[in-house]
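Please find one structure pasted underneath; my questions will follow.
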Amino acid sequence: MVDLESEVPPLPPRYRFRDLLLGDQGWQNDDRVQVEFYMNENTFKERLKLFFIKNQRSSLRIRLFNFSLKVLSCLLYIIRVLLDPPPQGNKWYHIFWVTRCLPLWGLQVSVALISLFETVLLGYLSYKGNIWEQILRIPFILEIINAVPFIISIFWPSLRNLFIPVFLNCWLAKHALENMINDLHRAIQRTQSAMFNQVLILISTLLCLIFTCICGIQHLERAGKKLTLFDSLYFCIVTFSTVGFGDVTPETALSKLFVVIMICVALVVLPIQFEQLAFLWMERQKSGGNYSRHRAQTEKHVVLCVSSLKIDLLMDFLNEFYAHPRLQDYYVVILCPTEIDVQVRRVLQIPMWSQRVIYLQGSALKDQDLLRAKMDDAEACFILSSRCEVDRTSSDHQTILRAWAVKDFAPNCPLYVQILKPENKFHIKFADHVVCEEEFKYAMLALNCICPATSTLITLLVHTSRGQTAPWEPFKQLTGTKQTLNREGQQSPEQWQKMYGRCSGNEVYHIIMEESTFFAEYEGKSFTYASFHAHKKFGVCLIGVRREDNKNILLNPGPRYIMNATDTCFYINITKEENSAFKNQDQLRRNNASKSFYHGPSRLPVHSIIASMGTVAIDLQDTSCRSASGPNLALPPEGSKETRRPSIAPVLEVADTSSIQTCDLLSDQSEDETTPDEDISTNLEYAKGYPPYSPYIGSSPTFCHLLHEKIPVCCLRLDKSCQHNYYEDAKAYGFKNKLIIVAAETAGNGLYNFIVPLRAYYRPKKELNPIVLLLDNPPDMHFLDAICWFPMVYYMVGSIDNLDDLLRCGVTFAANMVVVDKESTMSAEEDYMADAKTIVNVQTLFRLFSSLSIITELTHPANMRFMQFRAKDCYSLALSKLEKKERERGSNLAFMFRLPFAAGRVFSISMLDTLLYQSFVKDYMISITRLLLGLDTTPGSGFLCSMKITEDDLWIRTYARLYQKLCSSTGDIPIGIYRTESQKLRTSESRETASQSQISISVEDWEDTKDTKEQSHHRNNHRNSTSSDQSDHPLLRRKSMQWARRLSRKVPKHSGKTAEKINQQRLNLYRRSERQELAELVKNRMKHLGLTTVGYDEMNDRQGTLSYILINPSPDTRLEVNDVVYLIRPDPLAYLPNTAPSRKSSICNTTGADTREETQL
């Protein structure tokens, strides 16, 4: 065994424990040596170098002193010239000799001695072994020429009047100025501006050339014309400006030679300087320069950080940001790492934007660029993600780093961040406002399936309407206002476009209750009472409140909520209350005694007219009963109850539990009509609770319908059988409700937010639609673990490009088909081509399944015009012209009149960028939008739903009476109407179309009958034009040609209109034939896959209807059949009713034909 003590050497004395306690007493005898560092800097030369060169502040003082000496020497030269008497005698004598007084000579000698000493000292300190390098420098040579003769004249007095070209010191002054500016930038720790330095060099070079030329010409002409300094200045300016009057010219050969030399020098030096200046100017235009500190401290500005700036994004931001009056004096500083785009540059050169928008090329991760943008003085910083990137996760990572960099550099600057993926949200929780694109997108698409056109509703609410400076037409007629209507659609001949455009100007505003004229009188009243009467009196829709001591916003807290004076009220209106003036109704009656209560073709009463932005008048209605001409909502007398429908109960000031027919969704009373067996099985299958597993961090917990036990992952596959079930297609499951199909590329975490709103606890169980996810790529296991707790959620791997996949997933009996834009196609060489594949696929779906409701997401809103495209549709072409006119008039939503957008069948997430921009002025908009979409659930806050108006509900007659009925019965707050009507062309066009269709039908029937008679002898008599199967008769094209030939033989001569009718008939038959062929294709594929063709309706399409939204319509708007009313329903968890009688149907209705329940109004 090795002896460890012999192997390990003993510790030195200074490391022994005794020495550590008592101190090392033997350090004096140690062999250590004390070393002093940087001894070379203690020499006299190094100290001088430190003072004159290395130290920034002292070096700046030395160079400033040197610059002053050179300028002083030039001034002394000018004084000497002015004091010099006129020369006489030998002309060459006056060139070499001048008259210099003794005091002036003494000053010049002193300046020369100091300058020479400083030059020699600096040459000695900067000497590095090569003496000729120091001697042959041009500044050193000029210093010797100007200083040595004065020093020699001290010892040789006869040389005191010798001419010395002291004016050459201007070049030394220029050199000293350049060095001084460099030291100045170093001393104040500021990155020097190359542009500033180059401009300074150019100006100083030009001044030195002119000054040298002036002094040289003046001195050499002492032997000629004897020019003064002013004459020399005049000659130089005329010569260098290439004007050349010729009235002053040099006479002597030396002066002429000097002028030639100076012109050659100017031709060489100045172009070089201008070239460098132009290059730096172009580079500065690319980088954007700096935003000055003085402007940042005296003016307000916001910073927009983006990875790449496109013209659409820029215009959306500028139009929305500057739509608010109080932001007109703000500046926008754009910080972008890429070079400015050509289109963006062209827009920023427009005077309206060039004075308020500053483009800086730089990175938010560099403190220098953040300093250039004066981020620490900014009012806000908007950080937007690049959604056109192929890797959206990488784009989010860049956004996160930008947010961290801005927060580190300017911790007090408010941050407005846009993120793409929901799983990346928790990295930027510190930001003041965050909009997650996929969260909002999927939640909005989900609500589109149960509340039609929710995407259009939200888009219109978060956009600022263009025409908010004009009142409504009836109000203009009543008050004699001469303002023109600038709101969208007001110059259109279509009535629906006028109503749609007028109501699209409604936005969400807020005001403190005690400061409000709208709501102050309702203090101590219930919320529903305040909402109804404010709408009845002023036409505003109160949708939510917020307590003073609580940050949470409550949407429709219900009739039990009592309004407080310090509450913040949130309401929907054309304009905010602060921009309104109020006029009492009695005064209006006196001023308009000759006018009826209803005025104009729209038949709007005075009390319902709300004006737009600006100073407008709003009627303050009397509390007395209305006149007989208006809608009477009062209870009828006893004797009239037998002859008319029951009246609507009044809205109570304080909630009465017995009068509120609240929808107790916790017990699902809407399911009482089911059989006992079905009810028991349903209760065993579903439960209500919070999802036990979330696919990402930061998702808001939502109370949902859940399964008691999660189903196996294998059972989630719709088209594959497993040991638990043998179903292989959607039809085999036997779903009672129609499907909702989502076609996406991948099952991202955002898709979780599509499922949650459709399974929220306030959706009745029997109205839950099965959800099928049609995915291009198989989903991850963690996503399947999250969705396996939700009832009737399935997935299938396939694509909308494949007809077989569509048929297997149940597209033939689906209520809605949601097509999500694919990430892999969001980037293309031509930006707007990113939607090409999606648009063509949706068009194919539209042609194959014309009765299917397709909801599509696009990358670019401009591509909405290609959705459900019909090249020869006159109505669509008319809407295209209207869109161009609205864009020319400055509309921010020129595409709003496109039928797919108005009907809510197309949506682009970029339209929600304005939600982030509006949050700068309205910090509550993101919270309200999240509550409407069901992304957040605040206790006591209501939710968005809808109900459908049937023929039995038309006794309500008007929107105001519906408002009263809902407030008095269920506590719901209506916020708008989704209306569907037939397309109405102009009168002549409609008559012509009607006549064409009548001729087409009659002739076609006649031809079918004739063909039947002719062919009955050799074909079975089973052919009929109305009941024949297309699979037996696929030759409708030949039939149409035969019909056209016979018609042309029968009527050989036609007028122009008749020929057009024939063409239209041919086109109709061609279309019908094409549809029949497409139907044959679909049915053959269904038969091949073993699917039944029952229920496939190929001829039912929506070409003859149009749909649009009326946000907060006027109180006397007439209700129509099939109107869908948007409601904000109180939270069922906020209170439970005392009695829960069984009702035949529930208020919670959807718009599907199979799942609709009628509200008993």
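In this structure, does TRP97 turn out to be in contact with a Lys or Arg (Cβ under 6 Å, 6 or more places away or on another chain) and modelled with pLDDT of 85 or more?
No.
Follow-up. Give me a count of the residues in region 805-822 that are at pLDDT 85 or above and not in a loop (DSSP other than H, G, I, E, B).
Total satisfying the criteria: 12.
In region 487-518, which residue that is within 24 Å of HIS324 (Cβ to Cβ) and of a type in the set (Lys, Arg) is least open to solvent (accessible area, probe 1.4 Å)?
My answer is ARG487.
Taking GLU1074, is it open to solvent by 20 Å² or more (accessible area, probe 1.4 Å), at pLDDT 75 or above and over 21 Å from ASP804 (Cβ atoms)?
So GLU1074 does not fit the description; no.
With (1) surrounded by fewer than 19 Cβ atoms within 10 Å (Cβ to Cβ); (2) in a helix (DSSP H, G or I); (3) among the aromatic types (Phe, Trp, Tyr) as the list, and PHE783 as the residue in question, which single condition is left unmet?
Failed condition: (1).
Okay, moving on. For region 519-541: of the residues being outside any helix (DSSP H, G or I) and farther than 19 Å from ASP1116 by Cβ, which is most open to solvent (accessible area, probe 1.4 Å)?
GLU523
Within region 910-929, which residues are aromatic (Phe, Trp, Tyr) and not in a loop (DSSP other than H, G, I, E, B)? Steps first, please.
If we filter region 910-929 for residues that are aromatic (Phe, Trp, Tyr), which is where we start, we get 917, 920, 924.
Listed by number, the list holds a single entry, TYR917.
May I pose another question? I need every pair where a residue in region 694-715 that is within 20 Å of SER941 (Cβ to Cβ) has its Cβ under 9 Å from the Cβ of a residue that is of a type in the set (Val, Ile, Thr) and open to solvent by 20 Å² or more (accessible area, probe 1.4 Å), sequence separation at least 6 or different chains.
These pairs meet every condition: SER700/THR937; PRO701/THR937; THR702/THR937; PHE703/THR937.
Among the residues of region 544-566, what is the count of those that are under 22 Å from PRO974 (Cα atoms) and either outside any loop (DSSP other than H, G, I, E, B) or within 30 Å of the chain's Cα centre (by Cα) (or both)? Can you show your working first?
Taking region 544-566 as the starting set, the residues that turn out to be under 22 Å from PRO974 (Cα atoms) are 544-546, 552-563.
Those still in the list that are either outside any loop (DSSP other than H, G, I, E, B) or within 30 Å of the chain's Cα centre (by Cα) (or both) too: 544-546, 552-556, 562.
Matching residues across region 544-566 total 9.
Of everything in region 44-91, what is part of a loop (DSSP other than H, G, I, E, B), touching a helix residue (DSSP H, G or I) at 6+ places or on another chain (Cβ under 7 Å) and open to solvent by 40 Å² or more (accessible area, probe 1.4 Å)? Give them in sequence order.
Just the residues of region 44-91 that are part of a loop (DSSP other than H, G, I, E, B), to begin with: 55, 84-91.
Then drop every residue that is not touching a helix residue (DSSP H, G or I) at 6+ places or on another chain (Cβ under 7 Å), which leaves 87, 91.
Result: LYS91, single match.
Also, I was wondering about something else. Report yes if some residue within region 732-744 is surrounded by 20 or more Cβ atoms within 10 Å (Cβ to Cβ), among the hydroxyl-bearing types (Ser, Thr, Tyr) and outside any loop (DSSP other than H, G, I, E, B); otherwise report no.
No; the residues of region 732-744 include none that is surrounded by 20 or more Cβ atoms within 10 Å (Cβ to Cβ), among the hydroxyl-bearing types (Ser, Thr, Tyr) and outside any loop (DSSP other than H, G, I, E, B).
Shifting gears a bit: Just to verify a result, which residue in region 202-246, among those that are under 15 Å from PHE258 (Cβ atoms) and not in a helix (DSSP H, G or I), is most open to solvent (accessible area, probe 1.4 Å)?
The qualifying residue most open to solvent (accessible area, probe 1.4 Å) is LYS225.
Please go through region 499-517 and give me each residue that is out of contact with any strand residue (DSSP E or B) (no Cβ under 8 Å at 6 or more places or on another chain) and farther than 15 Å from LEU460 by Cβ, ordered by number.
GLU514, GLU515 - these are the residues of region 499-517 that are out of contact with any strand residue (DSSP E or B) (no Cβ under 8 Å at 6 or more places or on another chain) and farther than 15 Å from LEU460 by Cβ.
A further question follows. Would it be correct to say that LEU314 is surrounded by 19 or more Cβ atoms within 10 Å (Cβ to Cβ), modelled with pLDDT of 80 or more and outside any helix (DSSP H, G or I)?
No, not satisfied.
Another question, then. Examine region 789-805 for a residue that is farther than 22 Å from LEU758 by Cβ and touching a Phe, Trp or Tyr at 6+ places or on another chain (Cβ under 7 Å), and state whether such a residue exists.
Scanning region 789-805, I find no residue that is farther than 22 Å from LEU758 by Cβ and touching a Phe, Trp or Tyr at 6+ places or on another chain (Cβ under 7 Å), so the answer is no.
Consider only pairs whose beta carbons are under 8 Å apart and that are at least six residues apart or on different chains; among these, list those whose first residue lies in region 219-231 and is without any contact (Cβ under 8 Å) to a residue 24 or more places away in the chain and among the aromatic types (Phe, Trp, Tyr) and whose second residue is assigned to a loop (DSSP other than H, G, I, E, B) and open to solvent by 20 Å² or more (accessible area, probe 1.4 Å).
Cβ pairs passing all conditions: none.
Could I ask something else about it? Considering region 700-715 alone, what residues qualify as being hydroxyl-bearing (Ser, Thr, Tyr) and open to solvent by less than 30 Å² (accessible area, probe 1.4 Å)?
Listed by number, the list holds a single entry, THR702.
Among the numbered conditions (1) open to solvent by less than 40 Å² (accessible area, probe 1.4 Å); (2) at pLDDT 85 or above; (3) of a type outside the set (Val, Ile, Thr), tell me where GLY123 comes up short.
Unmet condition: (2).
Please pick out the residue among ALA431, ALA446, ALA405 that is farther than 25 Å from ALA380 by Cβ and either part of a helix (DSSP H, G or I) or open to solvent by 10 Å² or more (accessible area, probe 1.4 Å) (or both).
None of the others qualify; the one that does is ALA446.
Which residues, taken from region 346-393, are part of a helix (DSSP H, G or I), within 20 Å of the chain's Cα centre (by Cα) and under 21 Å from VAL417 (Cβ atoms)?
ARG392, THR393
Of the residues THR838, THR825, which single one is at pLDDT 85 or above and hydroxyl-bearing (Ser, Thr, Tyr)?
Matching residue, one of THR838, THR825: THR838.
The values are calculated or read from the model by the stated rules, or taken from the named source; none is laboratory data. What you see is a predicted model, and the numbers here were worked out from it, not measured in a lab. Neighbour counts run over all protein chains shown; Cβ positions are idealised from the backbone, glycine included. These accessible areas exclude ligands, DNA and RNA; they are computed on the full protein's heavy atoms, side chains included. Shrake-Rupley method; radii C 1.70, N 1.55, O 1.52, S 1.80 Å.
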